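S.K.: Before I ask anything, let me first share the structure, which is written out below as structure tokens.
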Amino acid sequence: MFTIVGDSYRLCDGVSRRSFLKAGAFTFGAMHFTQADIIRAEERSGRSLSGHKAVINIFLGGGPPHQDMWDIKTEAPADIKGEFKPINTKVPGIQIGECFPKIAAMADKFTFIRSVVGARGGHDAIQCMTGKDESAFRAVGGWPSMGSLISKVLGPTDPSVPPFVGLAAKTQHMPWSDCGKPGFLGVAHSAFRPEGQGMNDMKLSQINREQLYDRKSLLTSFDSMKRELDHSGAWVGADSATRKALDVLTSSKLLEALDISKEPEKVRARYGDGKPYKYQYDGSPTCNDHLLMARRLVEAGVRCVTLSYGRWDSHGKNFDLVRDHGPKLDQCVTALVEDLEARGMLDDVAVVVWGEFGRTPRINKDAGRDHWPQVSCALLAGGGMKTGQVIGSTDRLGERATSRPVTFADIHATLWHCLGLDPETFTFNDPSNRPQHLTEGKVIRELI
């Protein structure tokens, strides 16, 4: 970001030059760039626009207990099957946990994957966001998250709306609020995070936004300042990127999408707010309204929205936690799918709900379940996928996948297919200019 040392100077319309320059600043990851800087970097990537399909990635940070959610083990001993009973769903022959009655009633709109394998065991979102281990391309910054790759290969649908938005609330255990890093793609393809400094700048708290709406007047004043600064070369060639930055800063489209108060009260009530926030500790709150916000963002043109929902690390009081988190998740996920369908968006928007690993079949002395990377679960909806089915199974105790193991990369491959790209043939270049596939996974054929 440019810095002017000394007293603030003012443009002819009353906007200070220092405030104007600050207005373009967004925080991406650990680096601070102006929006104009990011637009220049995006232009250099040479991306082309395409149709608007999208992904909403809901991360259940901490590791949700698969055997208390979508894979109830009725035949297991009491110290394994736990306290929950199975309930029938709308799809004959499919049963899920009793804490999810709304999902059960809409089971024809969902696919339950009971055999997710290949978890690395870390308390983070890396595999859910990238489909890869953290070691992939570490030497050059790491493998990009799906949202960052979407930004790279598909680009924005609208110059005033970022293609990738991360809604993960800040957590004490920071990896649980990871909305997906850009890796070797660089800061230009980071997520826009409305809960960070970027949102403060979007609100233009130190500037009268009405003054910025008069772009012609502002840019005329800006050109005068540019001429004063041209001796340093700082503003050579800046006009195009600056004008695009103003498109974001003065457009109401993104801000309106983030403002759920514009939704009818009955819609907000259907999603709920997830309060009171319980069992949060060092993790994410159960922000049901983030799912409503995700729908609004996609509707505004965002291609990928990621969010972190709840704190599922249930080493103790596992069943109390699921009784709290489960019905809240049940409410907002079904509201999201219903909402997408009612708006004719469900076939174009893929929804995935999952965590970094599963939990131990055996219940510990604190009525909890511990880490279990051997197998976990996922819930899928939308995206034109064939739903109303179960994929994969585990043994009687829920310890191992016994049929149709599915990897994190396979789910990523399927999401790319939903976006209209063939992950087995589509490539992009890495920092060494070598072609790379979007993922090493295979599309889950039962879903397409």
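The values are calculated or read from the model by the stated rules, or taken from the named source; none is laboratory data. Since this is a predicted model, take the numbers as computed values, not measurements. Cβ: placed from backbone, ideal geometry, glycine included. Neighbour counts: every protein chain shown.
S.K.: How many residues, within segment 261-288, are assigned to a helix (DSSP H, G or I) and surrounded by fewer than 18 Cβ atoms within 10 Å (Cβ to Cβ)?
M.R.: 7
S.K.: Being over 19 Å from the mean Cα position of the chain (by Cα), closer than 27 Å to PRO361 by Cβ, surrounded by fewer than 22 Cβ atoms within 10 Å (Cβ to Cβ) and not hydroxyl-bearing (Ser, Thr, Tyr) is the filter here; which residues of segment 389-423 pass it?
M.R.: Once the filter is applied, which keeps residues that are over 19 Å from the mean Cα position of the chain (by Cα), closer than 27 Å to PRO361 by Cβ, surrounded by fewer than 22 Cβ atoms within 10 Å (Cβ to Cβ) and not hydroxyl-bearing (Ser, Thr, Tyr), segment 389-423 yields GLN389, ILE391, ASP395, ARG396, LEU397, GLU399, ARG400, ALA401, ARG404, PRO405.
S.K.: Given the structure, is GLY310 surrounded by 23 or more Cβ atoms within 10 Å (Cβ to Cβ) and not in a helix (DSSP H, G or I)?
M.R.: When the stated conditions are applied, GLY310 passes them.
S.K.: So how many residues does segment 88-119 have that are under 17 Å from VAL352 (Cα atoms), aliphatic (A, V, I, L, M) and part of a helix (DSSP H, G or I)?
M.R.: Residues meeting the conditions: 3.
S.K.: Quick one: count up the residues across segment 342-368 that are part of a strand (DSSP E or B) and within 25 Å of LEU297 (Cα to Cα).
M.R.: 6
S.K.: Somewhere in segment 309-323, is a residue within 17 Å of the chain's Cα centre (by Cα) and hydrophobic (A, V, I, L, M, F, W, C)?
M.R.: No, that holds for no residue.
S.K.: Just need a number here: residues in segment 91-104 that are surrounded by fewer than 21 Cβ atoms within 10 Å (Cβ to Cβ) and either free of Cβ contacts under 8 Å to residues at least 40 places away in the same chain or among the hydroxyl-bearing types (Ser, Thr, Tyr) (or both).
M.R.: 4
Listed here are the residues, each with its yes/no results for (1) part of a helix (DSSP H, G or I); (2) in contact with a Lys or Arg (Cβ under 9 Å, 6 or more places away or on another chain); (3) at pLDDT 95 or above.
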{"position": "GLY121", "(1), (2), (3)": "no, no, no"}
{"position": "LYS132", "(1), (2), (3)": "no, no, yes"}
{"position": "GLY142", "(1), (2), (3)": "no, yes, yes"}
{"position": "SER148", "(1), (2), (3)": "yes, yes, yes"}
{"position": "SER151", "(1), (2), (3)": "yes, yes, yes"}
{"position": "ALA168", "(1), (2), (3)": "no, yes, no"}
{"position": "GLU195", "(1), (2), (3)": "no, yes, no"}
{"position": "GLY198", "(1), (2), (3)": "yes, no, no"}
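S.K.: Still on this structure, I have one more. Taking the stated definitions as given, is VAL337 of a type in the set (Val, Ile, Thr) and touching a residue at least 60 places away in the same chain (Cβ under 8 Å)?
M.R.: Against the criterion (of a type in the set (Val, Ile, Thr) and touching a residue at least 60 places away in the same chain (Cβ under 8 Å)), VAL337 qualifies.
S.K.: What is the residue count in segment 394-443 for residues that are among the basic types (Lys, Arg), in contact (Cβ under 8 Å) with a residue 24 or more places away in the chain and out of contact with any strand residue (DSSP E or B) (no Cβ under 8 Å at 6 or more places or on another chain)?
M.R.: Residues in segment 394-443 being among the basic types (Lys, Arg), in contact (Cβ under 8 Å) with a residue 24 or more places away in the chain and out of contact with any strand residue (DSSP E or B) (no Cβ under 8 Å at 6 or more places or on another chain): 2 in total.
S.K.: Answer with yes or no whether VAL302 is of a type in the set (Val, Ile, Thr) and part of a strand (DSSP E or B).
M.R.: no
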